[in-house]
Amino acid sequence: MNGHPTREEDFDLYALGALEGDEKAAIENHVATCSTCAEKLAEARGRLALLALAAPAVAPAPSVKARLMAQVRSEKQGAVRAPVVSPVPETTGGLLGHWWAAVLAPVGFALALASFVLWTQNRRLDQQLAALQADMQREQQQLQTAREVADLITARGTTIVPLAPQPGMPKGSAHVMYNAKMGMLMYEGQLEPNPANKSYQLWIVPTQGNPISAGVFNAARTETDHFFMKCPPGIDPKAFAVTLEPSGGRPQPTGPMVLVGALS
Ligand SMILES: [Zn+2]
C-alpha cells in the first residue's frame, strides 16, 4: 500500500485484531514506513485500551462476538453487503497471541467491540450534526440578509439612485438603493454579459477620498443582479458607479465606466 488507509476505522479494526489477510498486511506494511499512520495506530490502541478498561468484566458468549464482528465488518464495507453469517474463525492460541488479549480477555471482548461500534456511530452522528448546524447557520444568514433588504426597502430615508449607461459601453439598467442612516445599500440591475476575462465592479464614490469597492459581479443575459452591502462607517457617498475591470475586480477602478449615478 502506498497511500494512507482511507478509513479511520481501519486503525481501530487493526488494533482490535479484526483485520485479516491482505487488509491486515496492507496496514502493517504501511505503518512500517509512515510515521503519521504509525501514530494513528498508536492512538487507536490507546483508545481501545481505555474502552476495554471502561467495560465491566463479563465473559462474552462466542456467538455474541461473532455477531459483533459481522456488524463491524458490514459497517466497514459501507453496509452494502449483508452481514457475515458464518462465525469468525479463531484459534485459542491465536487469540492469546495478540497483544490486546491481555487487556481485553479479562474485561470482555464483546463489550469492548460494542463500545467501539457505538463510538463509531456516535462519531458519524457528530459529523451529521455538524453538517446540519452549518446548514442552519447559512439559512439564518440568508434570512438575516432578507430582513435587512426588507428593512432597507421599506425604511424612510431610503433613496433610489438610478445608474445611467455610458456611451459606447455595455447597455443595461440598474439602480442603487441607499440609506445613509442605516449605512446600507443594494444594487439591482440588468447589464449585458461581461466579456469572459472581465468582471463588473460597483463603486461607492465618496465626497472625499478614493472610491470604495462595493461588489464584483458577472452579469448573465437573463438574470437581474442583486447584492446588498453595508456602507463602511464614516463614508459619505456622492455617487455610485459600475466599471469593467479585469476578472475578479481591482482594489481601485482601472477600467471604463459603464454606469454612473449621483446622489441628489
Ligand atoms: Zn500513512
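The values are calculated or read from the model by the stated rules, or taken from the named source; none is laboratory data. If you're wondering where the values come from, they're calculated on a predicted model, not measured in any experiment. A quick note on method: Cβ atoms are made from the backbone with ideal geometry, for glycine too, and the neighbour counts reach across all protein chains shown. Side chains included, ligands, DNA and RNA excluded: accessible areas come from the protein's heavy atoms. Shrake-Rupley method; radii C 1.70, N 1.55, O 1.52, S 1.80 Å.
What to note about this one:
- In order through region 199-208: 3J(HN,Hα) via Karplus (6.51 cos²θ - 1.76 cosθ + 1.60), integer Hz, x for Gly, Pro: 9, 8, 9, 8, 10, 8, 9, x, 5, 9
- Ratio of Rg to Rh for region 156-264: 0.94 [Cα atoms; Kirkwood radius as inverse mean 1/r over pairs].
- Shape metrics for region 202-246, restricted to C-alpha atoms - Rg then Dmax, Å: 11.9, 36
- ³J(HN,Hα) computed for each position of region 36-47 - Karplus, 6.51 cos²θ - 1.76 cosθ + 1.60, integer Hz, glycine/proline x: 4, 6, 4, 5, 4, 5, 4, 4, 4, 5, x, 4
- Solvent exposure of region 181-248 amounts to 49 Å² per residue of accessible area, where only protein heavy atoms count and the probe is 1.4 Å.
- Carbon and sulfur %, accessible surface of region 176-264 computed with the full protein complex present, 1.4 Å: 53
- For region 165-264, trypsin sites (Lys or Arg not before Pro) meeting the loop criterion (DSSP other than H, G, I, E, B) and having at most 15 other Cβ atoms within 10 Å: Lys171, Lys181, Arg221.
- Computed log₁₀ I(q)/I(0) - Debye formula, equal Cα scatterers, no solvent, region 127-203, q 0.15, 0.18, 0.24 Å⁻¹: -0.74, -0.87, -1.06
- Here region 129-169 and region 219-264 have alpha carbon centers that stand 15 Å from each other.
- Calculated FRET efficiency for the pair Lys171/Lys238, C-beta based, R₀ 35 Å, to 0.05: 0.90
- With 0.36 nm allotted per residue and the present C-alpha distance subtracted, the Ile212-Ala42 stretch has 55.8 nm of extension available.
- In loop segments of region 139-248 as defined by DSSP, the GluC sites (Glu not before Pro) with at most 16 further C-beta atoms inside 10 Å of their C-beta are Glu223.
- Label zone at Ala180, where the point sits 7 Å out along the Cα-to-Cβ direction: region 198-213 residues whose backbone N lies under 17 Å: 204-209
- Rounded to the nearest 0.05, the FRET efficiency derived from the C-beta distance between Trp119 and Gln140 at R0 = 30 Å is 0.45.
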